[in-house]
Amino acid sequence: MDIKDKAIDICLRPIEVWPEIKQERSGVRELYESYAAILAGMPAAAHFIGITVVGISFLGTRYRAPFLPALGYAVLSYCFSLAGLYLFALAAFGLAPRFGSRHSFLNAMKLGVYSSTPCWIGGILFVVPALMPVAILLSLYGIYLLYLGLPVLMETPVERRPLYLAALVAVGVAISAIACLLPASFFPQGRMGTV
């Protein structure tokens with residue numbers, strides 16, 4: 001199955017697709033190379049185009065980020081998002097025994113990769129900076145995918161699923177915040193050139 005079909009299927013048919021994903025023979029490297037590395041690049045590229053080409057309008061003035069700092073930010077945020085995905089899988093793997101779940105790093109990685117799909121797809125909207133709130137709302141669908149994936153991939157008991165989900169969402173939010181803030185500290189975007 002190609003990446004487009006897999007992304008559409010996990011978003012539209014998650015109940016049927018999670019068992020198929022569990023049976024996949026792909027390892028961590030294949031998950032990164034054939035899926036995560038490609039889709040995670042979409043929000044970074046869209047954000048770069050949005051803030052350098054489209055720009056942000058405020059009070060009748062359009063602002064654009066300088067090219068090189070914006071490019072540096074995009075590259076670094078892409079790298080941090082992929083590293084964050086690995087950290088999320090480590091957290092899901094480490095927390096699994098506390099919630100009576102299967103202790104499998106590969107399944108934790110699959111859970112993180114495929115439940116991130118709506119976030120990556122929604123990130124295409126970053127091309128128009130005014131649509132960033134919509135993209136963030138679309139990414140919340142990933143929490144639902146995470147919830148559906150826990151009993152399949154991690155074999156989490158029903159009674160422990162809400163707490164495990166809450167713990168993973170907290171970890172995901174913390175990792176996402178760090179993945180956004182760290183690149184900004186290396187490439188401050190505060191001063192954007194006026195068009």
Checklist outcome for this item: When Thr61 is run through (1) on the phi > 0 side of the Ramachandran plot; (2) in contact (Cβ under 8 Å) with a residue 60 or more places away in the chain, the failure sits at (1)
Next on the checklist: Criterion first (loosely packed, with under 15 Cβ neighbours inside 10 Å and among the small types (Gly, Ala, Ser)) does Gly94 satisfy it?
Outcome noted: yes
Checklist outcome for this item: Ala65: passes all of (1) modelled with pLDDT under 95; (2) out of contact with any Gly (no Cβ under 9 Å at 6 or more places or on another chain); (3) buried (at least 19 other Cβ atoms within 10 Å of the Cβ) but (2)
Item to check | Meets criteria (among the small types (Gly, Ala, Ser), surrounded by 15 or more Cβ atoms within 10 Å (Cβ to Cβ) and more than 30 Å from Leu163 (Cβ to Cβ)) for Ser57 | outcome: no
Item to check | Any chance Ser57 is under 25 Å from Leu131 (Cβ atoms), outside any helix (DSSP H, G or I) and among the small types (Gly, Ala, Ser) | outcome: yes
Item to check | segment 4-45, residues that are of a type outside the set (Gly, Ala, Ser) and surrounded by fewer than 13 Cβ atoms within 10 Å (Cβ to Cβ) | outcome: Lys4, Asp5, Leu12, Arg13, Ile15, Glu16, Pro19, Gln23, Arg25, Arg29, Glu30, Glu33
Checklist entry - Inside segment 133-149, can you point out the residues that are crowded, with 16+ Cβ neighbours inside 10 Å and either more than 17 Å from the chain's Cα centre (by Cα) or more than 26 Å from Glu20 (Cβ to Cβ) (or both)? => result Ala135
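So that you can scan it fast, the table gives a plain yes or no per residue for (1) in contact (Cβ under 8 Å) with a residue 24 or more places away in the chain; (2) closer than 26 Å to Ile56 by Cα:
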site: Gly94; (1), (2): no, no
site: Gly100; (1), (2): yes, no
site: Ala108; (1), (2): yes, no
site: Leu150; (1), (2): yes, no
site: Glu159; (1), (2): no, no
site: Val169; (1), (2): yes, no
site: Ser176; (1), (2): yes, yes
site: Ala179; (1), (2): yes, yes
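The values are calculated or read from the model by the stated rules, or taken from the named source; none is laboratory data. All of these numbers come straight from a predicted model, not from anything done at the bench. Cβ atoms come from the backbone with ideal geometry, glycine included; neighbour counts cover every protein chain shown.
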